[in-house]
Amino acid sequence: MEKLSKKIKLNRIQTLTMYFFIFAFLGWIMETLYSIYTLGHFTKRGFLYGPICPIYGFGALMLILFLAKYRNNNLKLFIYAAIIFSAFEYVVSYGLDALFAMHWWDYTNEFFNLNGRISIFYSFAWGIIAIIFINHIYPFLKKKINLLLAKIPYTVQVSTLYLLCGIWIVDTIASFIRYL
């Protein structure tokens, strides 16, 4: 029975959920390291209590689902990513501000910003990050993750995803309560 359970693979939704958590965690690490570099000390990053930044998880999913088809056209990938992620960043910033009257980032002092929510520098950065992500990071991590998952029984994979989803839901509710 164990051999059979190893051969079953996660379905598309489960795989995307796993990528969400992986990239949300990596985004939190990136934000934390950037904060340590710029401020010289650890600062809690993000909206949630736990060590994930969902905006990076959703961003990775958007890249995988909608922009990966432009892997061989870096100019289109750059332009679409810069536009889509600037709009996404603006909407998320506006939504967080409307719900909680708090700013998780502020680009007011950045050149060519729009209401302090987005700036030309970060729009450019999202385009570059998309190219690096789609052409290098995602293919590399996808290969490594698939090798790792081949060694983990399917039931453990699914149980872990359910556990992560449960923890994320509780964390999200607790965070909403904290900021309301």
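Values as computed for the structure displayed
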read-out	value
Rounded to 10°, Cα long-axis angle of helix 12-39 versus longest principal axis of the chain	40 degrees
Kirkwood Rh (inverse of mean 1/r, distinct Cα pairs), the stretch 96-170, angstrom	16.2 Å
Label-point separation in nm, Leu10 to Lys76, each point 7 Å along Cα→Cβ	2.8 nm
Crossing angle, helix 120-132 versus the chain [Cα axis fit, 0-90 degrees, rounded to tens]	20 degrees
With Cα atoms, 0 to 90° folded angle of helix 74-100 axis to the chain main axis	80 degrees
Entries of Lys9/Lys144; Lys44/Lys142; Lys9/Lys143; Lys44/Lys144; Lys76/Lys144; Lys9/Lys142 with Cα pairs more than 20 Å apart	Lys44/Lys142; Lys44/Lys144; Lys76/Lys144
Ellipticity estimate at 222 nm from DSSP helix runs (n ≥ 4, -39,500 (n - 2.57)) divided over the chain, nearest 500	-22500 deg cm²/dmol
Mean Cα-pair separation over length for the stretch 1-138, i.e. relative contact order, pairs under 8 Å, 6 or more apart, %	20 percent
Cα principal axis extents for the chain, largest first, Å	60, 43, 30
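Any read-out appearing in this document is the output of simple, stated calculations on the displayed coordinates, not a laboratory observation. In this text the structure is predicted, and so the values were computed from the model without any measurement. Note that each Cβ is placed from the backbone with ideal geometry, even for glycine, and that neighbours are counted across all protein chains shown.
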